[in-house]
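Take a look at the structure set out below.
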Amino acid sequence: MTRMLIIGPPGAGKGTQAERICDRLGVPAISTGDIFRANIKEQTELGREAQTYTDAGNLVPDSVTNRMVRDRLSQQDVEQGFLLDGYPRTVAQVEELDRILEANGVSLDVVLLLTADKDELVARLLGRAREQGRTDDTEDVIRHRLDVYDEQTAPVVDVYEQRGIVSRVDGLGSIDEVTERILTELPS
């Protein structure tokens, strides 16, 4: 059983690696974006509440996000492990995740921190923007997003560093190389 969180800057390959790791381990990937979309699509009470915020162009507040994560982590398919992607993003969410996991009698085993050179990430994201025709993703915008990520994520990583469960993984290289690096960092 492995309960893990994957964290890393935009362009580091979190989504790709999360999917590959979950396939290899047979555990679900739990992405807040996926949870939001599923709840909205299914018109659950939480989905309808979240949609009032997203329709207005606002961020979904922690109170709603936390309830969605709590609900998702209570489902049977997470009993043998899971991989969180996109949550927690703040220290307050770390504290809430701790309460959720404690109520389930479990804790995180490892936090996989994908690292990458900022200039390489900018180049990747500019390439992705060109492929997808996203003219709003300029170098300045991308660098700002990376700076915001650093500011917001550093405190979360610090909490898990103090617990001794952070494994830094170089996110540069081929997809297969990064997957193998991650697999060697997982608790046995």
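Readers should treat all values here as calculations from the given coordinates under stated rules, not as data from a laboratory. Given the structure is predicted, the values throughout are model-derived calculations rather than measurements. All Cβ positions, even for glycine, are placed from backbone atoms using ideal geometry, and neighbour counts span all protein chains on display.
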Q.
With only alpha-carbon pairs counted, each pair once and no self-pairs, how large is the Kirkwood hydrodynamic radius of region 73-116 in angstroms?
A. 11.6
Q. If you take the beta carbon distance between residue 177 and residue 157 as r and set R0 to 22 Å, what does 1/(1 + (r/R0)^6) give as a FRET efficiency, to the nearest 0.05?
A. 0.45
Q. What's the longest piece of the chain with no exposed GluC sites (Glu not before Pro), counting a site as exposed if DSSP puts it in a loop and it has at most 15 other beta carbons within 10 Å?
A. 80-188
Q | Efficiency of FRET between residue 16 and residue 43 - r from beta-carbon atoms, R0 41 angstrom, step 0.05 | A | 0.85
Q) Roughly how many Å is it from the Cα centre of region 97-128 to that of region 146-184, as a whole number? A) 6
Q. Which of rounded, prolate, oblate describes the chain, given a ≥ b ≥ c as roots of the alpha-carbon gyration tensor eigenvalues and a/c under 1.5 marking rounded, otherwise prolate only if a/b is larger than b/c?
A. oblate
Q: Using 0.36 nm per residue of separation minus the Cα-Cα distance, give me the extension gain between residue 2 and residue 80 in nm, one decimal.
A: 27.4 nm
Q | Gyration tensor over alpha-carbon atoms, region 51-102, equivalent ellipsoid semi-axes in Å | A | 22, 13, 9
